[in-house]
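Report on the following structure.
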Amino acid sequence: MNRNYISLDLGSETMAAFCQLYGKPERKRINLQEFAPILVDFDGQDIDYLLIERNGKKEKSKRLRTLIALMDQRQPEDIPDSHALLDFVDEKGNLVVTDGEAEYKKSLFEYFYKKEQAYSRVVLPNPKIPFQEGAGEIIPIIETTYKKYIRYSPEKLFQHLITQIIRNFVLKSSEYRNRKIKDEDGQDIDDHLILTIPNVFSLTHAENIKDYVIKITGIKNVDIIYESDAVAYYVMDAIDEETQFNNFRTSLKKNLKNNPKRDFQILTFDIGHGTTDLSLIEINEPKGQGKADRRTFYVKARAGKSHGGSRLNYIFAEYYNRCLREVLSQPKFKSLDPRFDFLHARAQVGVKLSTQGPIIEALENLIVAVKKNMNENYTINLSFEKQAEYIDKLVDKWLDAIDTNWKEKPETEKEKMLYNNFRNELKNIFFIGEFPGCFKILFGFHSQRLIELKSKIETYVKENVEELLMNLGDIAVAREIKTFPRKKSLTVLSKMIREIPTAVVIAGQASQFKPIQEAIRKSFTVMNFLPAHLIFLKDETAKEACSRGAIIYKDAGHLWANREELHGTYGFMCTIHALDYEFKTLDMKALNEGEDVVINFAYLSSYWFFYSPRASHTFTQENPPRFFDGSTALISCFPDTKEFRVKYLKDQRLICINDKHKFKIASYGKITESIYPKVWPAVLKPLD
């Protein structure tokens, strides 16, 4: 079938898109910021483009920020489908104006803005958040065209947002709009869109987005694939060409020559801004070289967690906020407390005040610098003088929030002393210096606070490496063995990746954090894994492997042997607090084989049908699924019952319960934990 391919990565911080046109081998990056200059009248002001650093210089990125604003008085309370269908530009890329008004001005969403507007916009959280528990409270309140103040449905907002981005910034981009729609024989060339989602994303909601996109955009072919799987597809293509895979390619060719099964494996880490995802995929290499000789891949296991790089940023923000509060608690600095801080806002949810926004940006710059200069052993190679430069800028923005004219007007000796004391105390308490094996503060020791910070970072690293690898091993062995001692999961995983040639590939924005890289190296060293097969993708490749792999997945025509298989665990748990540990998990092997799985409880009660990426044998009375563990998705509640018959309708991708309740396959989606660490700094928690 003739097709033009597009991939869209719904990133937590930025979105990226690629395309591959019919008859052309190259995959092009789509410029999602292309129409910024014509969509808004910037009155000669510089556009606040998303920039990237390349060869020491700043240049415009082709990615799109997810910090997208919501605008008042644009739409009624019930947003019509016509809103998703707004054409900002025509097929030639020209601005569309109707009755003297740009169609873009009718959209609820403001994608581009002046630099001076950066901190006074009502912003949406990133696209991966609205389907989690608590998302409703972080959607800003907006004024409708009928002067009514409401919170729009998170799901509806993001259906419309993604549809507008696809219709305007992707399909009409200069890279894609001149595509062929007929081949040499006059046959149609269809558009084919691939959306990538994290392993922890609710597939229920992803399917709803997919259905809406098909309905509204007219694109008939839409696929959804997991991000860590997409990285593996990128690797399948890159193995044949890129130098960073030379050692693995040499080893692989030698093995395939002597291996009648002709198989190898790819284990991927995709450590992004919002989530961390892992996949273990077995690939069978065909003997021939023709197009019909396609690779067959088999997903052995997936694991994931909703804590990516943004969680690490929040850990640092909590630390600096604690330091700030200690300084402001001193009576002499009472006049410098504006009644907000690094984590809390005085305004309604979603607003970055013009005074507070620059402060948060200055703090982000400090955090980025500290993370970039943190070594594998958690020490910092950033001098006091360099950190002081960042802190000086932060203090300047803080004082702007107190008095916007403080720089211009004459200071009294008392004010001068107050400001200098505040500045110096923040420098002293904020500074993180080198000390063998831990942290220290240069002027005056605050060891307990720093020990706690180091402990939190170590826990973050452990959760994103060691525990997720263990979860991956759990899932892999659980597919074949119903029960297994969990302490041996890494031993089994080690055996699996040594029996078959395996490449371990690490991608994603947060994968550049040195302690994460060192933890991964140590984990695989323990497994006696060949260092040459451990590959860290760098720079833009680390960020874009997912988008590129999504197109390769479709274009190369690889065969996915177990596409419909369920991973993780489904089960039932009691909703009554006294029976909090009353739970039973489904036999996942039987469920995947199409059998009816029956669950019986002793008492009539209300039970939640839940999903977890953990393997079923890891649930015990000491370690049960919990309402607030951040990895248990609550799908539906069944009151006044105790018996359940569950069947997986593989052809429909539905789970049927008691022959009447049908659910689209879901993973995470209702993670019952605080939403604010996941959306900082785009959304700050209101002060109580």
Local electrostatic count, residue 91, Cβ distance below 13 Å [Lys/Arg +1, Asp/Glu -1]: +3
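How high is the relative contact order of the chain, in percent, with contacts defined as C-alpha pairs under 8 Å that are six or more residues apart?
Values: 1355 pairs, mean separation 111.2, N = 688.
Relative contact order of the chain: 16 percent.
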Spatial separation of Cα centroids for segment 38-89 and segment 264-338, in angstrom: 26
The chain: antiparallel DSSP beta bridges as a percent of all, rounded to 5: 75
Sparse-neighbour loop sites [GluC sites (Glu not before Pro); segment 133-239; at most 16 other C-beta within 10 Å; DSSP]: 184
Computed [θ] at 222 nm, deg cm²/dmol, the chain (DSSP H ≥ 4; -39,500 (n - 2.57); rounded to nearest 500): -10000 deg cm²/dmol
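Taking the Cα centre of the chain as the origin, how large is its charge dipole in debye, to the nearest 20, when only Lys and Arg (+1) and Asp and Glu (-1) carry charge on their Cβ atoms?
On the way: 100 positive and 96 negative charges, 286 e Å.
That gives a dipole near 1380 debye.
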Matching label, Kirkwood radius over Cα pairs in Å computed from the structure shown, candidates (1) 31.6; (2) 27.1; (3) 27.8: (2)
Within the accessible area of the chain (1.4 Å probe), percent carbon and sulfur: 48
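Rolling a 1.4 Å sphere over the protein heavy atoms, what is the accessible area per residue of segment 58-128, to the nearest Å²? Could the numbers behind the result be given before it?
Details: 3230 Å² over 71 residues.
Per residue, segment 58-128 has an accessible area of 46 Å².
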Probe 1.4 Å, all protein chains present, accessible-area order of 14, 196, largest first: 14, 196
Furthest towards positive pole of dipole, 493, 22, 448, structure part the chain, Cβ charges: 493
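The values are calculated or read from the model by the stated rules, or taken from the named source; none is laboratory data. These numbers come from a predicted model, not from an experiment. Neighbour counts run over all protein chains shown; Cβ positions are idealised from the backbone, glycine included. Areas reflect the complete protein model, heavy atoms only, side chains present, ligands, DNA and RNA absent. Shrake-Rupley method; radii C 1.70, N 1.55, O 1.52, S 1.80 Å.
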